[in-house]
Amino acid sequence: MKLFRLPQAAGMPVTRSIKNAPDDVVARLKLRAERNHQSLQGELLAIITAAASEPQPLKLDALEVLARVRAKLRPSPNEAAAIVRQMRDERANRRR
């Protein structure tokens, strides 16, 4: 016997529940909803929609992350020369 799932119609609302939500979290969410003049359901939907709309972070491996960090930290030869000149000038000015 072959089982299959019927496709869900686009835009059809789906009911989800969050179990074991701590009372203090629920209380803060209710206050937030009240401040935003929304029901708890409306506030939760707004939070979930905003979170789902955020761009997905890049998936980089450790070497790519290291290369990006090094590129940001290491000054170019021109920047390094400017830093050395500035330090030399500051030292010379202190001696005067």
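Readers should treat all values here as calculations from the given coordinates under stated rules, not as data from a laboratory. Nothing here was measured: the structure is a model prediction, and the numbers come from that model. Using ideal geometry, Cβ is built from the backbone for each residue, glycine included, and neighbour counts are taken over all protein chains shown.
Which of the three applies to region 56-96, rounded, prolate or oblate, going by the alpha-carbon gyration tensor with a ≥ b ≥ c and a/c under 1.5 meaning rounded?
prolate
Rounding to the nearest 10 and keeping the result within 0 to 90°, find how far the Cα-based axis of helix 40-53 lies from the longest principal axis of the chain.
50 degrees
Treating only the Cβ atoms of Lys and Arg (+1) and Asp and Glu (-1) as charged, compute the dipole magnitude of the chain about its Cα centre; round to the nearest 20 debye.
About 600 debye.
Restricting to DSSP H runs of at least four residues, report the calculated mean residue ellipticity at 222 nm for the chain, -39500 (n - 2.57) per run over all residues, nearest 500 deg cm²/dmol.
My calculation for the chain gives -19500 deg cm²/dmol from helical runs alone.
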